[in-house]
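Just below is one structure, and these are the notes that go with it.
Laboratory data are not the source of any read-out in this text; all were calculated from the coordinates shown. Just so you know, these numbers come straight off a predicted model, no measurement behind them. With ideal geometry, Cβ positions are generated from the backbone for all residues, glycine too; neighbour counts draw on all protein chains shown.
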Amino acid sequence: MYDVLIRQIPDYDSEKVRIKGWVAHHRSSGKLIFFELRDGTGNIQCVVYKGDVEKDIFENSKKLTLETSLIVEGAVRRDERSKMGYEIAVFKLHIIQKPEEDYPISIKEHGVAFLLEHRHLWLRSPRQVAILRVRSTVVKAIREFLDNEGFILFDTPIFTSSVCEGTTTLFETDYFDDKAYLTQSGQLYCEAGAMAFGKVYSFGPTFRAEKSKTRRHLTEFWMVEPEAAFFNLNMNMIVAENFVSFIVAEVIDKNRDDLELLKRNISNLEKVTVPFPRITYDDAIDILNGKNITISWGEDFGGEEETVISNYFEKPVLIHRYPASCKAFYMKNDPERPEVSLNCDMLAPEGYGEIIGGGQREDDYETLREKIKAHKLDEKSFKWYLDLRRFGSVPHAGFGLGIERTVAWICGLKHIRETIPFPRLMDRIMP
Ligand code: 4AD
Ligand code: MG
């Protein structure tokens, strides 16, 4: 008898195995009972034949209900009809816990509000498992890529004293006799790290008090933020495109079954190879005008504009040199054209919109002070940040990739809420 995971079953043809899991489907017909067992690594059909088992085992099997937890002992045998090519002929069955009432999530359609309320159970559904397995691969690929490129993991604080991405989306919290903000981005701290290590990245939860309910916004999301000393905008864009194409290739390689279950068009993902198209903000305006969207120079792109641009290209597109007026205080302006900043965003294709924001940072002390003032930010809380420009300042750049938007795009989801185990939305923090 071998203790096995469902995904290992093909290696145990004709052997006796013991599997632990939950009932995902159940039906009986006369002398035969069929149930599907899932254990998080896969699903397998189990068959109980009246003539093969003791009477009480057969009676217990008959009464199984959805999500009953149990241990099954049986023989692995070939079954051409099943996806895995095998099924389990059960000879023993030990119920661990049988739900006393019907499992709330059935095969029938449920509304989104109901599902979100039952997120702790919804997570068990095949589609949700597939999405979160892709997320796990994305996270692993992120670390693998950056570690191989010589970036050092550099954890930045969640309680912060300074604003990073504008005052309108700050979560403020009591901090003893003072107040603190939940971090919007680890970037400013990563800049300190880059001056110590050369190349660093932070990877953790970030918070935005987004007062909009859109398919692209969470209030708590995960961001990975590489930052490198002696980097300019161009070097930044090269890392960003290699990074994203690596992540996508890893998911195609490791999660093909999950992508198929999600009915993702994998050939679209296979197009995500370097180099990515690169356009300026001005070029993007031309594209928008060509699609009858009027936008005046100086305005940032909103959801609608992003969707149009990102449908225009088959690969992710890098857009650089936005008007300085619509970007954050820390961006360096282009010395050849001071009205634009040396920033770059990456928009995912198929209408998914921005997945990366980043650029080259202002490295001159006086200029940065003026920018802090112009953005009406409190200079005192940036004293430490300004110090980085007083002690060996160098050109440097970095970017932030949003994990959930990346997963939503790679999985081809309509809404970002399914890409994180427990989504935090403007109107939801339960469960
Ligand atoms: O463009 P953003 O605001 O850039 C920064 O925070 C920079 N400080 C990053 C850096 O240069 N180190 O955010 C970066 C990415 C976005 O492109 C998007 O993918 C994601 O973070 N993001 C969100 N994802 C989900 N919900 C939200 N409310 C998000 N806001 C940003
Ligand atoms: Mg942005």
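Miscellaneous remarks
- Using alpha-carbon coordinates, inclination of helix 281-290 to the longest axis of the chain, degrees: 70 degrees
- Between helix 187-197 and the chain: long-axis angle, C-alpha atoms, 0 to 90°, nearest 10: 80 degrees
- Taking packing as the residue-averaged number of other Cβ atoms within 10 angstrom, the listed peptides 401-412, 282-293 run from highest to lowest as 401-412, 282-293.
- Entries of Lys211/Lys373; Lys20/Lys92; Lys315/Lys414; Lys211/Lys315 with Cα pairs more than 24 Å apart: Lys211/Lys373; Lys211/Lys315
- Charge tally in the Cβ shell below 9 Å around Gln187, where Lys, Arg are +1 and Asp, Glu are -1, Gln187 excluded: -3
- When peptides 192-203, 166-177, 62-73 are sorted by average Cβ neighbour count within 10 Å, with the highest value leading, the order is 192-203, 62-73, 166-177.
- Cross-link partners for Lys199 among the lysines, with Cα-Cα distance under 22 Å and sequence neighbours closer than 8 places in the same chain left out: Lys140, Lys332.
- Reciprocal mean inverse distance between Cα atoms of segment 1-152 - Kirkwood radius, Å: 17.2 Å
- Compared with the alpha-carbon gap, the fully stretched path from Phe171 to Leu5 is longer by 55.5 nm at 0.36 nm per residue.
- At full extension, Thr280 and Lys373 could sit 30.7 nm farther apart than now, given 0.36 nm per residue minus the alpha carbon distance.
- Euclidean distance of C-alpha centroids, segment 28-92 and segment 166-191, integer Å: 53 Å
- Each listed q (0.11 Å⁻¹) maps to a log10 I(q)/I(0) for the chain from the Debye sum over equal C-alpha point scatterers, namely -0.90.
- Residue with peak Gaussian network fluctuation, the chain [Cα springs, cutoff 10 Å], from Lys254, Lys140, Lys108: Lys108
- Stretch gain in nm, segment Glu144-Glu270, where the contour uses 0.36 nm per residue and the Cα spacing is subtracted: 43.4 nm
- Sorted on the mean count of surrounding Cβ atoms within 10 Å across their residues, most packed first, peptides 241-253, 360-372, 2-14 read 241-253, 360-372, 2-14.
- Taking other residues whose beta carbon is less than 14 angstrom from the beta carbon of Ile9, and scoring Lys, Arg as +1 and Asp, Glu as -1, yields -1.
- A simple spin-label model places pseudo-atoms 7 Å from Cα toward Cβ; at Ser29 and Leu261 they are separated by 2.6 nm.
- Size descriptors for segment 50-120: radius of gyration and Dmax over Cα atoms are 15.9, 46 Å.
- Residue of Ala228, Ala180, Ala397 that the Gaussian network model of the chain assigns the largest fluctuation, springs spanning Cα pairs under 10 Å: Ala180
- Between the listed residues Ala240, Ala113, Phe197, the Cα displaced farthest toward the positive end of the dipole of the chain, a dipole computed from Cβ unit charges relative to the Cα centre, is found at Ala113.
- Between segment 201-255 and segment 328-363, the alpha-carbon center distance in angstrom: 14 Å
- Between 0 and 90 degrees, the angle of helix 303-312 with respect to the longest Cα principal axis of the chain falls at about 80 degrees.
- Sequence-separation-based contact order of segment 302-431, relative, with Cα cut under 8 Å and 6+ spacing, percent: 20 percent
- Listed residues Gln45, Gln97, Gln128, most fluctuating in the chain (Gaussian network, C-alpha, under 10 Å): Gln97
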